[in-house]
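The values are calculated or read from the model by the stated rules, or taken from the named source; none is laboratory data. If you're wondering where the values come from, they're calculated on a predicted model, not measured in any experiment. Don't worry about glycine lacking a Cβ; one is built from the backbone with ideal geometry, like all the others, and counts go over all protein chains shown.
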Amino acid sequence: MATVAKDTSASREGARKRVLVRGTLFTPTGDHTVWVRDVSAEGALVAGKYPIPTNCDVIFKRGDVFVAAHVAWSNETGAGVDFYRALSDWEVAAATVPLPTLNH
């Protein structure tokens with residue numbers, strides 16, 4: 001008799017904040033400046049000028065938020081990044097606000 005394995009993938013049903021802000025992914029192939037399109041406590045949807053490597057570990061940086069993550073998928077339209085730890089509500093909020101600009 002066959003059984004169905006329990007789905008252990010992270011749910012994308014959590015509260016996601018739709019944004020369009022710049023961030024950085026530090027990948028095995030170098031750093032990538034990306035547009036963060038949405039962010040939640042569990043992960044982010046990003047897009048960049050160059051393809052993001054798939055199935056690798058990265059560091060996601062947005063403002064004061066640094067978090068280890070895994071690139072779950074990547075294609076010509078962007079990439080899905082799953083965080084290794086859940087962000088706090090403060091970190092999600094900090095990742096979604098525009099960064100201040102410096103006037104020199």
Meets criteria (modelled with pLDDT of 95 or more and in contact with a Leu (Cβ under 7 Å, 6 or more places away or on another chain)) for ALA41: yes
Output for the range 15-55, where each listed residue is within 10 Å of the chain's Cα centre (by Cα) and farther than 17 Å from ASN75 by Cα: GLY23, THR24, VAL39, SER40, ALA41, GLU42
Within the range 11-68, strands (runs of 3 or more DSSP E) holding 2 or more residues that are more than 15 Å from GLY80 (Cβ to Cβ): 17-27, 30-39, 57-62
The range 32-61 residues that are acidic (Asp, Glu), paired with ones that are modelled with pLDDT under 95 (beta carbon under 7 Å, 6 or more apart): ASP38/ARG16; ASP38/LYS17; ASP38/ARG18; ASP38/VAL19; GLU42/ALA10; GLU42/GLY14
Hey, VAL21 among the aliphatic types (A, V, I, L, M) and touching a Pro at 6+ places or on another chain (Cβ under 8 Å) or not: yes
Residue tally, condition at pLDDT 95 or above and either touching a His at 6+ places or on another chain (Cβ under 8 Å) or not in a strand (DSSP E or B) (or both), over the range 69-82: 2
Test: residue in the range 56-73 that is surrounded by 12 or more Cβ atoms within 10 Å (Cβ to Cβ), of a type in the set (Asp, Glu) and more than 13 Å from the chain's Cα centre (by Cα): no
